[in-house]
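The values are calculated or read from the model by the stated rules, or taken from the named source; none is laboratory data. Predicted, not measured: the structure shown is a model, and the values here were computed from it. Please note: Cβ atoms are built from the backbone with ideal geometry, for glycine as well, and neighbour counts cover all protein chains shown.
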Amino acid sequence: MSVFADALVAAGQLLLTADASLGDITLLSLRVSATATLIAALLGLPLGAWVALTGSRLRLPTLVVLNASMGLPPVVVGLVVYLLLSRSGVMGPLGWLFTPAGMVMAQTILITPIIAALARQTIDDAHLSLRDWFNSLGLSATQRVATLLFEARFSLAVVLLAGFGRAIAEVGAVMIVGGNISGSTRVMTTTIALETSKGDLPLALALGALLVALVLIINGAAQWLKSWLEQQRG
């Protein structure tokens, strides 16, 4: 019990003194996850809109793949990205292995299906209420997508927050691809896992507290935005 209490006190001191290593690790985590979320949004939102609006035979298979991909095992994604970025891999010349760029790639692959699937449902719901209006104006597919993305922008913001929360809490893929290199690829989740295994509990606890706080803030923002949107509609 005294060991745990001592670790808590030491973790509190790290937080209160704004330890430089905590700041560096947290900022890198935010930068990697925010970049991955932005790229995933650029890929996932149009894909989700296409699945919602298309009537082609590819719609159902694409929807099945999207829904299944939401449960992709992070370690499998990390392994695939590792093989792609290794020296003998097709993307080896990029030199992204054990760099933040490789970690962004892994997180992007993980959260793009989540954003696309959730966006598909959101846009599908919006399209049901606007379909007659679209038909009366004779809007093209591109115009419909642009209009729906704008009309559902607040709901889609909740989707992006969910994707960001998933990205920043991920550990398996980024550990395989990033390697947790001090000063280069140390993010919050991988550092917590590895520092705990080494017995450095104060640093792990401090980072754990920060990570939980970030996740709570993200989820709180999503819930507030969802509630605000429902009030506007009601």
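Look at Ala52 and say whether it is in contact with an Asp or Glu (Cβ under 6 Å, 6 or more places away or on another chain), closer than 16 Å to Ile123 by Cβ and assigned to a helix (DSSP H, G or I). Full working, then the answer.
Working: in contact with an Asp or Glu (Cβ under 6 Å, 6 or more places away or on another chain): yes; closer than 16 Å to Ile123 by Cβ: yes; assigned to a helix (DSSP H, G or I): yes.
Criteria met by Ala52.
If you take the residues of region 30-79 that are among the β-branched types (Val, Ile, Thr) and either in contact with a Lys or Arg (Cβ under 7 Å, 6 or more places away or on another chain) or modelled with pLDDT under 85 (or both), which of them is surrounded by the most Cβ atoms within 10 Å (Cβ to Cβ)?
To start, the set of residues in region 30-79 that are among the β-branched types (Val, Ile, Thr) comprises 32, 35, 37, 39, 51, 54, 62, 64-65, 75-77.
From the residues that got through so far, the ones that are either in contact with a Lys or Arg (Cβ under 7 Å, 6 or more places away or on another chain) or modelled with pLDDT under 85 (or both) too are 51, 54, 62.
Values: Val51: 23, Thr54: 13, Thr62: 17.
It comes out as Val51.
Having 3 or more residues that are at negative phi and surrounded by fewer than 18 Cβ atoms within 10 Å (Cβ to Cβ) is the bar; report the helices (runs of 4 or more DSSP H) wholly within region 93-185 that clear it. I'd like the intermediate steps shown before the answer.
On the way: elements: 100-137, 141-151, 153-168, 172-178.
Because the criterion is at least 3 residues that are at negative phi and surrounded by fewer than 18 Cβ atoms within 10 Å (Cβ to Cβ), the helices (runs of 4 or more DSSP H) in region 93-185 that meet it are 100-137, 141-151, 153-168.
Taking Val64 and the conditions (1) outside any helix (DSSP H, G or I); (2) over 19 Å from the mean Cα position of the chain (by Cα); (3) hydrophobic (A, V, I, L, M, F, W, C), which numbered condition does it fall short on, given that it satisfies the others?
(1)
Kindly indicate whether Leu27 is farther than 30 Å from Asp125 by Cβ and loosely packed, with under 13 Cβ neighbours inside 10 Å. Write out each step before concluding.
Numbers: farther than 30 Å from Asp125 by Cβ: yes; loosely packed, with under 13 Cβ neighbours inside 10 Å: yes.
Answer is yes for this residue.
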